[in-house]
Amino acid sequence: MNILFVGEATSGFGGIETVIKKVTSFLENDQDAENTYTLYFLCRDNRMDKAWLEGKHYICHRSGIKISFLRRMSHACALARFIKQNQPDTVIAFDAPSCRVAAQAIRYSKKTLPLISWLHYSLDHKKHAEQALVADHHLAISSGIKQQLIKRGVPPERISVIFNPVTPQSIVIPRPTDKAVFIYVGRLKFEGQKRIKDMLDAFSGLKGEWECHFIGDGSDTEVCQAYAQQRGIADRLHWHGWQEKPWEYVQTEIKQVSAFVMSSAFEGLPMTLLEAMSYGIYCVSSDCPSGPGDIIKNGVNGQLYPPGDTHHFVKTLSQLQTNEINSSIEEIKNSISEFYDKNYYAKFINAIAIEKNR
């Protein structure tokens, strides 16, 4: 199968890059099929970080046209030429604006081939999300995103929930016995999507021995640190900054973890929850749209609390301080088996094949 992935320039450091790298590696290493692919990026300039694309087959089409309508047309015409020359079997667009450009390009190329959307964010919290509706089929990374698509008029049979892949780990990160140790891995946004403020408010209500380690950075790092000082918990918090390999860093520098914590207002499918669980770490998260509810099974691999309900968040964290987690590390690792690479890839290929053969 010859797959053409289309999307706007990415930062190089997010979850979408992780998933794209994995999926293209699956395609490259599939011994049961002859797969080829191209990653085709729609760029305004040459600033896109390309280090993460080492070894990948990719093209960056640049258009510096300031008028958005003309810029889209420039991208669509170039993409149409690429489609005619390379004859892909399927086009997969991984953001909504690129769905629109890809649909135009397919029309210009006068080819008949399926266009599949593969959005990695909540439609309810993103500009131009409606542009994804031009796709023939949709790969949803969570059941919540499927419902968002249905609400916008997409027939359920045109949607495949495939989630995102995580690699099973042989290593485990053990739990401490003398105090509660929490970790957060991700962008530091005081309010907005990540709601670190809610987490700091909850920590300020905790008693006893505890500490939290933040791995990541963001424009609100200093705001978060100042607020922690204001809440009187600065001495319990450790700010490690961005780490290229965060879980290796956790193993070597933090060593023991009671729970991973997340207080987001919304997500697509939070990969950090899956990554934490692959090491056997219990997770506490807001039950925000649209991903945590697909991952966390209350009392088995973690605990959900209502978004913004700081009182409930404090209560859950306090229980982790005093009560032994009933689930073993192996039970937590096994609870996400449907997300593990092999099972994920089977769902991914099946969903594409269904639309290709429709």
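Segment 1-26 and segment 33-56 have their alpha-carbon centroids 7 Å apart. In this label model, Val223 and Glu248 are separated by 3.3 nm, measuring between points 7 Å along each Cα→Cβ vector. If you fit an axis through the alpha-carbon atoms of helix 96-109 and take the longest principal axis of the Cα set of the chain, what angle between them do you get, 0 to 90°, nearest 10? In the chain, helix 96-109 runs at an angle near 10 degrees to the longest axis.
By the gyration tensor of its Cα atoms, with a ≥ b ≥ c the square roots of the eigenvalues, what is the shape of segment 37-134: rounded for a/c under 1.5, prolate for a/b over b/c, or oblate? Cα axes put segment 37-134 in the rounded bin. Recomputing semi-axes √(5λ) of the Cα gyration tensor in Å from the coordinates shown identifies the correct label among [x] 33, 22, 18; [y] 48, 18, 16; [z] 39, 22, 18 as [z]. Against the main long axis of the alpha-carbon atoms of the chain, helix 68-86 sits at an angle near 70°. Measuring nothing but how far apart in sequence close Cα pairs (under 8 Å, 6+ apart) lie, relative to its length, segment 118-272 scores a relative contact order of 29 percent. Rounded to 0.05, the FRET efficiency of the Asn298 and Ser204 pair, given R0 = 35 Å and the Cβ-Cβ distance, is 0.90. Between Tyr340, Tyr282, Tyr227, the Gaussian network model of the chain with springs among Cα atoms under 10 angstrom shows the greatest mean-square fluctuation at Tyr227.
Rounded to the nearest 20 debye, the dipole size of segment 1-108 about its Cα centre is 740 debye, using +1 on the Cβ of Lys and Arg and -1 on the Cβ of Asp and Glu. Per-residue ellipticity at 222 nm from helix content only, as computed over the chain with -39500 (n - 2.57) for each DSSP H run of at least four residues, stands at -10500 deg cm²/dmol.
Look at the dipole of the chain built from charges on Cβ: of Thr38, Ala353, Leu79, the Cα furthest out on the positive end belongs to Leu79. Taking the C-alpha atoms only, the angle from helix 15-29 to the longest principal axis of the chain is near 60 degrees. Here segment 49-207 is treated with +1 on each Lys and Arg Cβ and -1 on each Asp and Glu Cβ, and its dipole about the Cα centre works out to around 540 debye. Where does the Debye-calculated log10 I(q)/I(0) of segment 1-82 sit at q = 0.12, 0.22 Å⁻¹, using only Cα point scatterers of equal weight, no solvent? The Debye formula, applied to the Cα set alone, gives -0.39, -1.07. Checking every one of the trypsin sites (Lys or Arg not before Pro) in segment 207-262 against DSSP loop status and a limit of 11 other Cβ atoms within 10 Å picks out Lys207, Lys255. In terms of the Cα gyration tensor, with a ≥ b ≥ c the square roots of its eigenvalues, is segment 159-285 rounded because a/c is under 1.5, prolate because a/b exceeds b/c, or oblate? Verdict is oblate for segment 159-285.
For the cross-link pairs Lys151/Lys347; Lys22/Lys56; Lys111/Lys151; Lys189/Lys315; Lys56/Lys146; Lys50/Lys84, the ones whose C-alpha atoms lie over 21 Å apart are Lys151/Lys347; Lys111/Lys151; Lys189/Lys315; Lys56/Lys146; Lys50/Lys84.
Surface composition of segment 18-154: carbon and sulfur atoms hold 48% of the protein heavy-atom accessible area at a 1.4 Å probe. Only the Cβ atoms of Lys and Arg (+1) and of Asp and Glu (-1) were treated as charged; on that basis the dipole of the chain about its Cα centre amounts to roughly 1560 debye.
The values are calculated or read from the model by the stated rules, or taken from the named source; none is laboratory data. Computed from a predicted structure; not experimentally measured. FYI the Cβ positions are ideal-geometry reconstructions off the backbone, even for glycines, and counts take in every protein chain you see. In case anyone asks, the SASA skips ligands and DNA or RNA and just uses the protein heavy atoms, side chains included. Shrake-Rupley method; radii C 1.70, N 1.55, O 1.52, S 1.80 Å.
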